[in-house]
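Report on the following structure.
The values are calculated or read from the model by the stated rules, or taken from the named source; none is laboratory data. Because the structure is a prediction, the values reported are computed rather than measured. We place every Cβ from the backbone using ideal geometry, glycine too, and count neighbours over all the protein chains shown.
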Amino acid sequence: MPSKFAIAVGVLLTSASGFAQSLPAAPHRRIVTVSPAETRGNEPSIAVNFNNANQVVAAFQPAAIAYSSDGGQTFAVAELPAIEGWRGGGDVSVAFDNKDRVYLATLHFDKLGSASYWAHGAGKNGIFVRRSVDGGRTWDKNAAVVKAFQGNEPNLEFEDMPRVFADARPHSPYAGNVYVGWIEWQLDQSIILFTRSTDGGQTFTSPIRISTHAGLPRDDNGGLVGFVGTVGADGTIYAIWNDGSTITFTESHDGGRTFAPSRAVVDVAPPYFGGAGGIPGVSRAMGFPQIAVDGREGKQGGTLYLVWSDYHNGDVDVFGVSSTDHGRTWSKPVRVNTDAIHNGIDQFFQWLAVDPVTGDVYVQFYDRRDDPANRKTGFTLARSTDEGKTFRNYAWAEIPFESQQPAFLGDYTWLTAYNHKVYGAWTEALPAAEPPANAEHRRGPGTAVRVGFADFSDTQ
């Protein structure tokens, strides 16, 4: 059953502002607010059911679900059963499998331990997966345990940033498998762990380590951060993360039982933008990468794409590369944002998706190109129809937001696409005069989660 907040969700945002945008509007754009007014929402994820594109599910923290049965035009908020004995949860991600089931992965903990050094003094923590079989409307009462600590173990570690994804490829020998990858912070290092489910998310295998090289034990610069995985047409799993100033890549050809030794494939700047190296008006930002694959090109798999953001040009820009040989070699980086280079304007918090029907490549990101002061923040959708060689940029958000105090936008946005239609989720800071009533975590400006829709069906 939808919650009492459902009436407030699914309202089209309209703009009477005279704000001039330098970019054309994303075609048929529609922006919906999915977080209830009293919730300080951030760190969203979004997924569309490839078997039934009317089903779109968005998640955001603190762990909450908004679902749509009309292709993302309107949303209602679902009642999400609590996990007994655990606090609400965050670091959410969602994914559909090949049988119309949708999965939610969440991180739960009681305390973090030392700032930026979470394995020291951390307590009870764990990663869980919940499932819905009706497009996100209702959810299983019991959650599957991926890995959890009660806080009193001699080998207590801290699990972080889980990402769930599924094999929904029609010709894959592993279709229906559900996968989760994440970071484990230990006292002297950080590693990437991985697990899989072959029974529809009911149980998961014992985690395996897939990072050959360990990172530092901090979550600012030097740690392993930002696991993202994707599945090719033949069931091959491709996964990446940041390791210091490189993007690291690995792959599995046996449904996640084993992985090739991970290796650095792209040199980048450090992925964490905070402190003196931060972005004005944002408490922190992450530039960690995403990976996606074009699944149209037969059982051997298609072109791979990577995107990330960093400050190679002084200000923060979004970059992308591609590989046509399954990740062995990669193209030279392409700048995704199309404003002038070295203009002192930041583009950040990108996310990547490839349309499995058309092969078009989409990237979304926060964008300040329309404010010479680099403060007002819009949201841009970029599209490539030539395999990532060039991108055209579109204004997705209708009006920019600005925060006088540093806003916590989370650590990521999210994007998905299917058959010319694109669905994005991101966080915006609310004006000072409109803080959420009774908001949780009252520090800093209020925030709201938006879902954007665009349709390129009639666009060349």
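Cβ-Cβ distances below 6 Å connect the following pairs, each with a first residue in segment 259-288 that is under 24 Å from Thr248 (Cβ atoms) and of a type in the set (A, V, I, L, M, F, W, C), a second residue that is part of a strand (DSSP E or B) and at pLDDT below 90, and a separation of six or more residues or different chains: Ala285/Phe273. Looking only at residues in segment 222-241 that are modelled with pLDDT of 95 or more and touching a Leu at 6+ places or on another chain (Cβ under 7 Å), the one that is nearest to Phe288 (Cα to Cα) is Trp241. On inspection, Gly136 fails the criterion of being surrounded by fewer than 24 Cβ atoms within 10 Å (Cβ to Cβ), within 21 Å of the chain's Cα centre (by Cα) and within 25 Å of Arg196 (Cβ to Cβ). Within segment 20-34, the set of residues being at pLDDT below 95 and surrounded by 14 or more Cβ atoms within 10 Å (Cβ to Cβ) comprises just one member, Gln21.
Can you confirm whether Arg209 is modelled with pLDDT under 95, of a type in the set (Lys, Arg) and either farther than 29 Å from Gly275 by Cβ or surrounded by fewer than 24 Cβ atoms within 10 Å (Cβ to Cβ) (or both)?
No: the conditions fail for Arg209.
Does Asp458 qualify as being part of a loop (DSSP other than H, G, I, E, B), at pLDDT 85 or above, surrounded by fewer than 19 Cβ atoms within 10 Å (Cβ to Cβ) and of a type in the set (Asp, Glu)? So Asp458 fits the description; yes. Evaluation of Asn152 against the conditions (1) closer than 19 Å to Ala58 by Cβ; (2) surrounded by fewer than 24 Cβ atoms within 10 Å (Cβ to Cβ) shows that the sole unmet condition is (1). Thr258: under 28 Å from Tyr174 (Cβ atoms) and in contact with a Ser or Thr (Cβ under 6 Å, 6 or more places away or on another chain), yes or no? Judged against the criteria, Thr258 is not a match. Of the residues contained in segment 4-15, none is found to be in a strand (DSSP E or B), more than 28 Å from Asp97 (Cβ to Cβ) and at pLDDT 95 or above. Restricting attention to segment 137-188, the residues being over 21 Å from Lys111 (Cβ atoms) and not small (Gly, Ala, Ser) number 19. Checked against the criterion of being of a type in the set (Asp, Glu) and under 19 Å from Gly287 (Cα atoms), the candidates Asp167, Asp188, Asp199, Asp220 yield just one match: Asp220. Residues that are within 30 Å of Val422 (Cα to Cα) and either surrounded by fewer than 18 Cβ atoms within 10 Å (Cβ to Cβ) or not charged (D, E, K, R) (or both): does segment 115-127 have at least one? Checked segment 115-127: at least one residue is within 30 Å of Val422 (Cα to Cα) and either surrounded by fewer than 18 Cβ atoms within 10 Å (Cβ to Cβ) or not charged (D, E, K, R) (or both).
Of all residues in segment 64-79, those satisfying the criterion of being under 20 Å from the mean Cα position of the chain (by Cα) and assigned to a loop (DSSP other than H, G, I, E, B) are Gly71, Gly72, Phe75.
Looking at segment 159-173, can you tell me whether even one residue there is exposed (fewer than 14 other Cβ atoms within 10 Å of the Cβ) and closer than 22 Å to Leu224 by Cβ? No; the residues of segment 159-173 include none that is exposed (fewer than 14 other Cβ atoms within 10 Å of the Cβ) and closer than 22 Å to Leu224 by Cβ. Search segment 96-105 for residues being in a loop (DSSP other than H, G, I, E, B) and under 22 Å from the mean Cα position of the chain (by Cα), and hand back the single one that is surrounded by the most Cβ atoms within 10 Å (Cβ to Cβ). Checking each candidate, the answer is Asp97.
Within segment 270-285, the set of residues being aliphatic (A, V, I, L, M) and crowded, with 21+ Cβ neighbours inside 10 Å comprises Ile279, Ala285. Could you tell me whether segment 303-325 includes any residue that is touching a strand residue (DSSP E or B) at 6+ places or on another chain (Cβ under 9 Å), among the β-branched types (Val, Ile, Thr), within 19 Å of Leu409 (Cα to Cα) and assigned to a strand (DSSP E or B)? Yes, because at least one residue in segment 303-325 is touching a strand residue (DSSP E or B) at 6+ places or on another chain (Cβ under 9 Å), among the β-branched types (Val, Ile, Thr), within 19 Å of Leu409 (Cα to Cα) and assigned to a strand (DSSP E or B).
With respect to Asn221, is the statement that it is crowded, with 21+ Cβ neighbours inside 10 Å, over 22 Å from Asp325 (Cα atoms) and not hydroxyl-bearing (Ser, Thr, Tyr) true? For Asn221, the condition - crowded, with 21+ Cβ neighbours inside 10 Å, over 22 Å from Asp325 (Cα atoms) and not hydroxyl-bearing (Ser, Thr, Tyr) - is not met.
Yes/no per residue for (1) at pLDDT below 95; (2) on the phi < 0 side of the Ramachandran plot; (3) assigned to a strand (DSSP E or B):
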{"position": "Asp91", "(1), (2), (3)": "no, no, yes"}
{"position": "Val94", "(1), (2), (3)": "no, yes, yes"}
{"position": "Leu107", "(1), (2), (3)": "no, yes, yes"}
{"position": "His120", "(1), (2), (3)": "yes, yes, no"}
{"position": "Ile127", "(1), (2), (3)": "no, yes, yes"}
{"position": "Val145", "(1), (2), (3)": "no, yes, yes"}
{"position": "Gly151", "(1), (2), (3)": "yes, no, no"}
{"position": "Glu159", "(1), (2), (3)": "no, yes, yes"}
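With a requirement of 1 or more residues that are surrounded by fewer than 22 Cβ atoms within 10 Å (Cβ to Cβ), the strands (runs of 3 or more DSSP E) lying completely within segment 358-430 that satisfy it span 378-384, 392-395, 414-418, 421-429.
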